[in-house]
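Data block below; observations after.
Every read-out reported here was derived from the displayed coordinates using simple, explicitly stated rules and does not represent laboratory data. The structure displayed is predicted, hence computed values, not measured ones. FYI the Cβ positions are ideal-geometry reconstructions off the backbone, even for glycines, and counts take in every protein chain you see.
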Amino acid sequence: MTTTVALSRPRTNRMIAGVCAGLAQRWGMKASTVRLLFVLSCLLPGPQFVVYLVLWVIMPDRGY
């Protein structure tokens, strides 16, 4: 049986806002892997930085 983690920004394991750490926990990945993928995606054209800012605003901060 798999446990699902709600999409939220954790208070621990943050670098800037906790967006990558929250996504990593939701998808069952390491936070460093998601951060690396985000940085590499920023080398390509697209709205990656804007998506990060939007996620920062809409993802709730985990209370623990």
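Considering only the Cα atoms of the chain, their convex hull presents on average a projected area of 4.7 nm².
Projecting label points 7 angstrom from Cα along Cα→Cβ for residue 16 and residue 57 puts them 1.5 nm apart. Simple spin-label estimate for residue 49 and residue 4 gives 3.4 nm between the two label positions (7 Å along the Cα-to-Cβ direction from each Cα).
Under 5 Å from the amide H of residue 9 lie the amide H atoms of 61, 62, each residue being 5 or more positions distant or on a separate chain, with H modelled from the backbone and absent for Pro and chain starts.
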